[in-house]
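Accompanying notes for the structure given below.
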Amino acid sequence: MGKTGKRGCGCLIVIVLLLAALAAGGAWLWQRYQHFADAPMSGLEKGESLRVERGDSLPAVVRKLRAAGVEQGEALEWRALARQLGAAGRLQVGEYALEPGTTPRQLLTAMRDGKVVSHRFTIVDGWNMRELRAALARATPLKQEAAQLDDAALMKAIGRPGQHPEGRFLPETYLYTGGDSDLDVLKRAHQAMDRAVQAAWEGRDRDSVLKSPAELLIMASIVEKETGLAAERPQIAGLFERRLKLGMKLETDPTVIYGLGANYDGNIRKRDLQTDTPYNTYTRTGLPPTPIAMPGLAALKAAANPAPGDALFFVAAGDGTGRSLFAATYAQHQANVRLYLQRYRQQRTHSQPEEGKAVLEEAESDTAAAPAAPADAPSANGARR
């Protein structure tokens, strides 16, 4: 074989070796890339998260990951993975979980698809506005914007200027993400209550004495506060309906308590029932001027469709069940009150506080005074005279 043939053969061998080296190097790089993309990121602790802000680029996100303790991946590998996943230039704003075990592929996919971390905030049936504000102030990581606003400014901020806030936020669990504010949650809760009230109003008993959705909301708030038993709500709503139709005072404790505001110390006394406020339904006829709490869906339904019957009075049974005793006549009601007082006295004989004893003695001397009891006892009042 000539020299030319030998040189050609040598070149071929070199080319083959180079191709083999390139293939081996490529395989190594691919394996390294795959390992980077699918291996859990180190340095993460349970509960960690990363916030993508508006305008953040992929390098900015990688810098935030480095600050969080993630060391995996060169910048080129992060760019290649983002391109492969179609996430380049499509990272969505929000908060993303950085739980232990999260891989770069999972994280970039979540950022591409906007699978942000969700947090929960629950408005409890029967809360008043003061309790709702206190719960919002404790909610994290909810941005606090409402704390410095009075009620009027708050309602203006959510687009309802001039509206009283009490009762206007539907008890429900609301999901929110990092960056959302308490005002965002309140807007959604207000919209949900508007829809719920409208639905209840459209499905109401057409013989109802209530004249507007606003009155239905007020009635529902009273029903919500008067009982925790679902089965009793329509009965109590029906009782209040009949009282309104007859022009009788509602005489319901929760309205008196609401009118006392910060002065309420856990006891309702005879003098409280006689002290006039816009919310005292012992001194004023008709519904109070606003709701007194946030009613749930069951209370709204009961107010819209009250149960028929003839009861005009009710009092706590006092037997530990939370139920009430209903009566159509005042004489029947007085007998129920005496039964309540007997049961209450038996339960508290050995531990009755001095103040409670005085209240009980006053009630026993005149059950028509709508007796009050310490805060941990069932009330004997509320449409109860």
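The values are calculated or read from the model by the stated rules, or taken from the named source; none is laboratory data. On a predicted model such as this, the values are computed, not experimentally measured, just so you know. In this analysis, Cβ positions are derived from the backbone assuming ideal geometry, glycine residues included, and neighbour counts consider all displayed protein chains. Just so you know, the surface numbers come from the protein's heavy atoms only, side chains and all, with ligands and any DNA or RNA stripped out. Shrake-Rupley method; radii C 1.70, N 1.55, O 1.52, S 1.80 Å.
Some observations on this one:
- Of all residues in the range 98-111, those satisfying the criterion of being over 29 Å from the mean Cα position of the chain (by Cα), buried (at least 17 other Cβ atoms within 10 Å of the Cβ) and free of Cβ contacts under 8 Å to residues at least 60 places away in the same chain are Q106, L108.
- In the range 80-93, the condition of being among the basic types (K, R) and more than 22 Å from the chain's Cα centre (by Cα) is met by at least one residue.
- In the range 321-351, the residues that are open to solvent by less than 20 Å² (accessible area, probe 1.4 Å) and free of Cβ contacts under 8 Å to residues at least 60 places away in the same chain: A327, H333, V337, Y340, L341, Y344
- Restricting L239, L246 to those that are open to solvent by less than 60 Å² (accessible area, probe 1.4 Å) and either under 15 Å from A328 (Cα atoms) or not charged (D, E, K, R) (or both) reduces the list to L239.
- Taken over the range 166-203, the residue count meeting the criterion of being more than 19 Å from R138 (Cα to Cα) and small (G, A, S) is 6.
- Of the residues A199, A220, the single one that is hydrophobic (A, V, I, L, M, F, W, C) and surrounded by 20 or more Cβ atoms within 10 Å (Cβ to Cβ) is A220.
- Any hit, the range 115-127, residues being open to solvent by less than 20 Å² (accessible area, probe 1.4 Å), among the aromatic types (F, W, Y) and at pLDDT below 95: no
Table: residues versus (1) touching a Phe, Trp or Tyr at 6+ places or on another chain (Cβ under 8 Å); (2) free of Cβ contacts under 8 Å to residues at least 24 places away in the same chain; (3) in a helix (DSSP H, G or I).
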| site | (1), (2), (3) |
| --- | --- |
| D56 | no, no, no |
| V62 | yes, yes, yes |
| R66 | no, yes, yes |
| G69 | no, no, no |
| L76 | no, yes, yes |
| A80 | yes, no, yes |
| A88 | no, no, no |
| L91 | no, no, no |
| Y96 | no, no, no |
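- Filter result for A262 (in contact (Cβ under 8 Å) with a residue 24 or more places away in the chain, assigned to a helix (DSSP H, G or I) and under 30 Å from R120 (Cβ atoms)): no
- Qualifying residues in the range 31-46 (those that are at pLDDT 85 or above and assigned to a helix (DSSP H, G or I)) - the one nearest to R83 (Cα to Cα): A37
- First in the range 276-303 and farther than 17 Å from E224 by Cβ and touching a residue at least 24 places away in the same chain (Cβ under 8 Å), second anywhere and crowded, with 22+ Cβ neighbours inside 10 Å and hydroxyl-bearing (S, T, Y), Cβ under 8 Å, 6 or more apart: N280/T255
- Condition check for T177: modelled with pLDDT of 95 or more, at negative phi, among the β-branched types (V, I, T) and surrounded by fewer than 19 Cβ atoms within 10 Å (Cβ to Cβ): no
Quick grid of which residues meet (1) under 27 Å from R206 (Cα atoms); (2) in a helix (DSSP H, G or I); (3) not small (G, A, S):
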| residue | (1), (2), (3) |
| --- | --- |
| G266 | no, no, no |
| R271 | no, yes, yes |
| Y282 | no, no, yes |
| G286 | yes, no, no |
| T290 | yes, no, yes |
| P306 | yes, no, yes |
| G322 | no, no, no |
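- Residue tally, condition in a helix (DSSP H, G or I) and under 18 Å from T290 (Cα atoms), over the range 134-152: 2
- Selected residue [in contact (Cβ under 8 Å) with a residue 12 or more places away in the chain and either on the phi > 0 side of the Ramachandran plot or part of a helix (DSSP H, G or I) (or both)] from L210, L186: L186
- Test: residue in the range 241-259 that is of a type in the set (G, A, S) and either more than 17 Å from F313 (Cβ to Cβ) or touching a residue at least 60 places away in the same chain (Cβ under 8 Å) (or both): yes
Residue-wise test of (1) of a type in the set (A, V, I, L, M); (2) assigned to a loop (DSSP other than H, G, I, E, B); (3) in contact with a helix residue (DSSP H, G or I) (Cβ under 8 Å, 6 or more places away or on another chain).
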position	(1), (2), (3)
G179	no, yes, no
D194	no, no, no
R206	no, yes, no
L216	yes, no, yes
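- Of the listed requirements (1) farther than 19 Å from L217 by Cβ; (2) open to solvent by less than 60 Å² (accessible area, probe 1.4 Å); (3) in a helix (DSSP H, G or I), G318 misses just one: (3).
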